Amino acid sequence: MITNNSLPSIVEFYDTTLRDGAQTRGIQFSLQDKLNIIDLLDDFGMDIIECGWNGANATDTDLYKIISKRHCKNSELAAFTSSCSVGKTPETDIRFQQGVNANVPVITMFSKFWDFQITQTLNTTIEHNLELIFKSVAYCKSRFDKVIVDAEHFFDGYKSSPSIAISAIKTALDAGADRLVLCDTNGGTLPTEVSSILKQLNTHFDKASFGIHCHNDTDMAVANSIAAVEQGVMQVQGTINGIGERCGNTNLCSLIPNLTIKYGLNGKYINKTKLSRLRHMANSVSSICHRLIPPTQPYVGDHAFTHKAGVHISSVLKYPECYEHVSPESVGNNRHLPISEQSGRAAMKYRLKKMGYENIDHSTCQNLLKQVKDRCYYGVLLDDADASLELLVHQHMHVHHEWSVQVALEHMSITEIHSINSESHYRLEVAMNVNGEIIFYRDFGVDLQTLCHKIVSKIFQKAFYSYSRLTISVDRVDTLEQDHKRVFISFVQNRKVHKICAVEHNEMRAICRAIIDVYIWKIYVQEQPLGLSEVAQ
């Protein structure tokens, strides 16, 4: 654990997913979305949740009609606005009045701290900008429990003119600001710059309560936030999964565990125990956003604790700390050990045990590894298609250990038939071996996938007492060497998404083979095997 005399005793975690996150291209929150996210963040223990800008849009305006100081169990809700406009006072600025017309305990107000923006964007003087900051903060101070000032473009402003930036900080604090948040609005500042500037600020404001708000344009938002905390900053702002305008904001799903685990810093409600709910919270927000978490995202991504290399797997099974800096369970994630052409016996035995096959002998393990490597050489990506691997294992184990159910594809033929109207039709023939009994069906149809579902369902309805049709979707089709096609399809079983991968010499055969494999997989892995009919027995 990292220790530093400058570290704050406690960190205030401030979430701005509902405002900064809403500026992400392709994300638009409904009123119910915002309420759901507030509930998730409150349950997780976020100190402050910034809800949006009252009056800026209909959704935020409706939201502030619903929420209040008593809305959350843990979190404080914050409204967002800017300091009043040039030439106006807080009382006469309609836009400012709309922004502060919220029955929540916290107001966050952004102001200009860069001389370039003050003179060019606001088209006013440095002195008038200070007047706007002072009057706006003082007005809010008498109406809210906590006033936070976001110093927009602070780092650009400080590098341009330290004296002007410092005078703006002093003005905000003199007016009663409870937190002064230093914003890297352009996202172009580096951690060494953050540390250097904070050290200088601490000599001017030894009792001030600072925060940090970073954008991720140089992929440094988390690092910059940590650099600020190392210099005593006590409030950190960011978004869930790092969403936000351009390249996003500080990713709280990385920053929070870094500060909590690596630095031993807790929030008022967030601690190591709460981190076990991190992945669930991240996934829930991601689902509301209709935006998948990148699989390689630290801590909460699907690949964060995935080990593929044989040497790595062998080591991590004995000593997880060799390749895991924290345990996956500590952040609510899971360890994944995919099987591929790089796998060895340790990985295979581990996977077999997870599938319920105990005490597997050396010969069986080696035979399965050979089949895996052969499939991978042919182009099947077993490490990205869990159901294909499980099917391979189940079929091998059932054939060689005389299990009750044995199913395999014996024959498949696809013929395109063009009608007079030049509409493409198909004739599909499928023969399945079910416990030694060959069951054959041939049928015609316009849509090949629908036809394949129909035939396979008929085969298994004949072989088994009952069989339900599955909902299957084709995820992607890859072109391999010699124009072979690799198809990935996904399906849902027991509320979990599974994938099948099939490689054939053309796309039609690959899709049909994948669909058939899904149905065979279901036979082997269903919790209670279906009763075999007399035909199959």
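Here are the numbers for the structure shown:
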| quantity | calculated |
| --- | --- |
| Lysines whose Cα lies under 19 Å from that of Lys34, excluding same-chain neighbours fewer than 8 positions away | Lys65, Lys69, Lys73 |
| For segment 200-260 and segment 17-94, distance of Cα centres in Å | 20 Å |
| Amide H within-cut-off set for Phe110, under 5 Å, with H built and near neighbours excluded | Thr81, Ser82, Ser83, Asp150 |
| Candidate values (1) 23.0, 72; (2) 24.4, 83; (3) 29.9, 92, label of the one derived for Rg and Dmax of the Cα atoms in Å | (3) |
| Degrees separating the helix 162-174 axis from the principal Cα axis of the chain, which is the longest one | 80 degrees |
| The chain, helix-only ellipticity at 222 nm - DSSP H runs n ≥ 4, -39,500 (n - 2.57), divided by all residues, nearest 500 | -11000 deg cm²/dmol |
| Cut-off of 10 Å, at most 12 other beta carbons, DSSP loop: longest stretch of the chain lacking such GluC sites (Glu not before Pro) | 92-357 |
| 0 to 90° range, to nearest 10: angle between helix 191-204 axis and the chain longest Cα axis | 30 degrees |
| Selection of trypsin sites (Lys or Arg not before Pro), segment 175-277, meeting DSSP coil and at most 11 other Cβ within 10 Å | Lys207 |
| Lys/Arg +1, Asp/Glu -1 at C-beta; the chain dipole; positive extreme among Val525, Ile49, Phe116 | Val525 |
| Distance from segment 131-192 to segment 266-315 (C-alpha centre basis), Å | 34 Å |
| Estimated translational D of segment 407-525 in µm²/s (Stokes, Kirkwood radius over Cα pairs; 4 °C; 1.567 mPa s) | 87 µm²/s |
| 17 Å reach of a label modelled at Glu324, 7 Å along Cα-to-Cβ, counting backbone N of segment 260-287 | 261-262, 273, 275-280 |
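Every number in this text was worked out from the coordinates using simple rules, so none of it is lab data. If you're wondering where the values come from, they're calculated on a predicted model, not measured in any experiment. Methodologically, a virtual Cβ is constructed for each residue, glycine included, from the backbone with ideal geometry; neighbour enumeration extends over all protein chains shown.
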